[in-house]
Amino acid sequence: MKIDTRTNRVEVTEGNLDTYLAEATPASVSLAPADPLRPGSSLTAAKAVELYEDQLASRALDVAARELKKDGRSFYTISSAGHEQNVVLGALLRTDDPCFLHYRSGALMMARARLGGGETPVFDTLLGLTASSEDPASGGRHKVWGSRRLWVPPQTSTIASHIPKAVGAAFALSRARKLGLEVPVSSDAIMVCTFGDASSSHATALTGVNAARYSTRGGQPTPILFVCEDNRIGVSVRKPSGWIRDRFGTMDDVAYFDARGELDEVWDTVEEAIKTCRGGRQPVFLRIDSVRLWGHAGSDLELAYRSWEEIVEIEAEDPLLRNARRLIETGATTPAALQALVADTRARVRAAAEEASTRPKLSTAAQVMEPMAPYEEVEVRGALEGGLDADARAEVFGGRLPEEATSDGRRTMAAHINSALTDAMRTLPEVILFGEDVGKKGGVYGVTAKLQERFGMARVFDTLLDETTILGVAGGSGLLGLLPVPEIQYLAYVHNAIDQLRGEASSLGFFSERQYENPMVVRIPGLAYQKGFGGHFHNENAIGSLREIPGVMIATPARGDDAARLLRGCLAVARSQGRVVTFLEPIALYHERDLFEPGDGAWLSDYPAPTGASEDALLPGEVGVYSEDSTELLIATYANGLRQSLRAARRLEEEHGLKARVLDLRWLAPLPLEAFEAHARDCAGVLVADECRATGAGVADALIAHLAERQYPGRIGSVRSADSFIPLGPAADLVLLSEDQIVDAALELSR
């Protein structure tokens with residue numbers, strides 16, 4: 001074997017194709033355009049040439065990306081070179097089959113755009129490569145495959161983290177149909193999720209496949225087509241021979257197809273896989289045999305881990321070279337025709353690249369962030385109005401409305417959240433509630449009791465015990481128009497699946513310019529002070545991992561009546577603004593009755609019955625204020641800290657003559673900084689009582705920084721829980737924020 005040792009393997013690969021076409025001999029018999037490429041195949045000669053043109057366009061785009069990168073005009077060089085057989089997916093799927101795509105999906109997108117009509121996929125891709133603000137997919141925020149018209153929600157997943165969301169969409173499609181709800185795609189659509197073989201070993205990939213199998217085994221139609229583009233290497237890490245087949249080819253509940261061989265053979269296999277998925281409404285795993293040309297990305301030097309001999313062998317399997325040979329030998333086209341097509345495609349892409357590189361870029365921070373966190377209060381308040389039907393409310397509550405309850409046991413925070421969920425599900429048929437133990441059991445703490453009985457198993461249901469699946473189902477359901485209310489059983493459990501919020505749900509609107517949204521309200525029981533529980537899995541007092549996610553909102557109530565109003569506000573924001581909202585419920589306050597002394601019942605409240613007016617809800621920026629006439633000291637706090645601070649404030653006044661104003665923040669993201677600062681400037685000093693861990697886990701640092709940066713003239717202090725996991729039993733009190741600490745800090749600050 002003669003080894004070409006030029007380092008520019010792009011030039012070598014293109015030269016291989018050009019040389020073959022220059023030397024190839026036409027077939028003795030030509031196929032008519034409608035003739036099958038092979039007897040028994042549904043791929044015609046004309047369609048095969050069309051596919052090849054789309055593959056050429058994808059390849060030319062990859063070349064252009066690298067050429068533009070040389071002088072800083074392109075910013076992305078992960079190419080589709082070697083993966084172009086996915087073009088058959090683009091041609092065989094319908095444009096209302098939502099596609100969650102791998103980053104090597106160039107040929108697929110070219111073919112899909114051809115089906116859609118009126119698209120300019122080459123130029124659109126180049127706008128993405130050059131980070132132009134005119135990029136119709138993301139507005140210049142990232143190079144993504146995406147299109148509103150073609151139902152391709154932009155993905156930035158590099159570790160298959162989009163798979164649980166795709167499974168969630170497949171689940172939601174059949175669930176919405178069962179509930180009689182309209183969805184934006186056809187009832188027989190399928191979800192398609194493509195990914196690389198390296199990503200198939202990631203936890204999120206395995207979770208997604210497992211969830212699809214679980215759903216199918218439970219009798220739930222889950223029409224998802226998993227597509228693994230197998231090039232047998234991840235960056236530089238190789239996999240054992242046959243790994244994908246052996247790992248995924250023998251699973252129950254998932255049909256397996258292996259697309260390999262010539263273009264027409266791949267076409268036929270993919271066609272059968274799609275037919276099986278669509279007709280059977282079942283999960284299908286499709287492996288597409290691929291090669292990876294030119295390394296992982298432009299900066300990847302393959303010679304560090306591959307020999308010249310291996311590189312050359314792989315280049316010989318170039319699908320463009322192989323398909324050209326197949327088209328010519330079958331008589332579908334001639335060498336001269338392909339030469340002309342290659343030259344024309346390359347020239348067309350080069351010209352488009354020059355033009356795209358001149359198009360405008362994002363130029364301000366405001367432009368970059370514009371789609372990330374929309375909030376129009378007028379729209380939110382509008383979403384809260386109406387929907388009141390007294391007779392329907394009475395019926396769903398069994399004839400006894402919660403605001404008419406006389407038993408104190410039904411007027412705790414847990415009871416009010418249950419009532420607010422009931423009212424929401426009665427009013428909004430698109431709301432579905434799910435998680436671990438939320439159905440028949442009614443939740444670990446009884447918060448979702450009787451909801452399944454009231455609204456049925458189609459709307460209130462238990463999931464498998466996996467947080468990634470829960471949040472993936474939420475993401476996919478929101479994408480299809482439902483309003484999911486998933487429960488993560490404990491705050492610490494969200495860490496197992498945080499990327500479904502951070503990398504998937506919260507980023508969708510940002511990277512699609514709000515063309516796609518996946519609204520949700522994630523209920524998370526959490527925080528500390530639970531008697532009898534130890535360990536960070538049940539007593540977790542850190543919200544830093546949620547607060548750091550751009551655009552994610554966090555609301556946390558301290559009182560039952562506030563909990564009902566806050567939950568209504570969260571649902572209205574999610575529904576009208578397409579936002580991801582987390583509703584953090586302090587477990588220790590679920591069933592708390594008393595405030596100052598045992599038996600005083602001062603922490604109970606009447607249920608704030610909905611009247612159909614926007615005032616029935618608490619929206620971002622709306623805080624709670626106690627002893628507003630006090631000007632000596634402001635204590636800013638939230639959740640368990642509110643109850644502690646009110647107790648501390650009474651002691652400060654009775655024992656030390658110091659009268660404090662107490663502010664319940666209610667919203668931890670975005671923080672109500674305007675209201676906080678206004679109350680702070682009314683007072684001589686500010687103390688932040690933060691029940692979360694001291695370092696980066698709560699909100700004290702952000703509140704204090706806000707005042708300091710605005711030259712607040714008074715004294716500022718904070719008291720927080722220790723940087724420690726929470727132990728079992730009474731030892732927990734040694735590391736958690738206490739009433740005594742608030743009192744001592746207030747006195748020190750006021751000296």
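Using r as the Cβ-Cβ distance of residue 317 and residue 343, and R0 as 22 Å, what FRET efficiency do you calculate, to the nearest 0.05? E between residue 317 and residue 343, to the nearest 0.05, is 0.40.
Ranking of 445, 626 by neighbouring Cβ atoms within 10 Å, starting from the fewest: 626, 445.
Rounded to the nearest 20, the size of the Cβ-charge dipole of the chain about its Cα centre is 920 debye, with Lys and Arg at +1 and Asp and Glu at -1. Other residues lying with their Cβ under 12 Å from the Cβ of residue 131 contribute a combined charge of +4, Lys and Arg counting +1, Asp and Glu -1.
Expressed to the nearest 5 percent, the antiparallel share of DSSP beta bridges inside the chain is 15 percent.
The ranking of 510, 248 from fewest to most other beta carbons within 10 Å of each one's beta carbon is 248, 510. Once a ≥ b ≥ c are taken as the square roots of the eigenvalues of the Cα gyration tensor of the stretch 377-616, is the result rounded (a/c under 1.5), prolate (a/b larger than b/c) or oblate (a/b not larger than b/c)? Because a/c hits 1.5 or more and a/b fails to exceed b/c, the stretch 377-616 counts as oblate. Going by neighbour counts of Cβ atoms within 10 Å, the residues 469, 631, 13 line up, fewest first, as 631, 13, 469. For the stretch 624-749, the square roots of the Cα gyration tensor eigenvalues, ordered a ≥ b ≥ c, give a/c of at least 1.5 with a/b no greater than b/c, which places it in the oblate category.
Subtracting the Cα-Cα distance of residue 723 and residue 237 from 0.36 nm times their residue separation leaves 171.1 nm of extension gain. Near residue 640: Cβ cut-off under 13 Å, other residues only, Lys/Arg at +1 and Asp/Glu at -1. The net charge is -3. When both bridge partners sit in the stretch 377-616, DSSP labels roughly 5% of those beta bridges antiparallel. Relative contact order of the chain: 12 percent, from C-alpha pairs under 8 Å at least 6 residues apart in sequence. The simple Förster model, with R0 at 25 Å and r as the Cβ-Cβ distance, assigns residue 602 and residue 734 a FRET efficiency of 0.35.
If you take every residue apart from residue 21 with its C-beta less than 12 Å away from the C-beta of residue 21, what net charge results, scoring Lys and Arg +1 and Asp and Glu -1? Local net charge: -2. Taking 0.36 nm per residue of separation and subtracting the current Cα-Cα distance, fully stretching the chain between residue 613 and residue 275 would add 116.8 nm. Among the listed pairs 2/239; 69/275; 70/165, those with a Cα-Cα distance over 30 Å are 69/275; 70/165. Relative to one another, the C-alpha centroids of the stretch 252-301 and the stretch 543-578 are positioned 41 Å apart. For residue 100, nonlocal amide neighbours, meaning residues 5 or more places apart or on other chains whose placed amide H falls under 5 Å from its own, are 192, 193, 194. I'd like the distance separating the alpha-carbon centroids of the stretch 64-104 and the stretch 129-200, in whole Å. With the stretch 64-104 and the stretch 129-200 each reduced to a Cα centre, they are spaced 15 Å.
Ranked by the mean number of other Cβ atoms within 10 Å of their residues, highest first, the peptides 661-673, 380-392 come out as 661-673, 380-392.
With a Förster radius of 41 Å, plug the Cβ-Cβ distance of residue 653 and residue 403 into 1/(1 + (r/R0)^6) and report the FRET value to the nearest 0.05. Once the sixth-power term is evaluated, E becomes 0.80.
With the helix formula -39500 (n - 2.57) applied to DSSP H stretches of n ≥ 4, the chain reaches a computed 222 nm mean residue ellipticity of -12000 deg cm²/dmol. The stretch 367-445 and the stretch 309-362 have Cα centres lying 56 Å from one another.
A short reminder: the numbers here are calculations on the coordinates, not readings from a lab. Just so it is clear, the model here is predicted, and its values are computed rather than measured. Cβ: placed from backbone, ideal geometry, glycine included. Neighbour counts: every protein chain shown.
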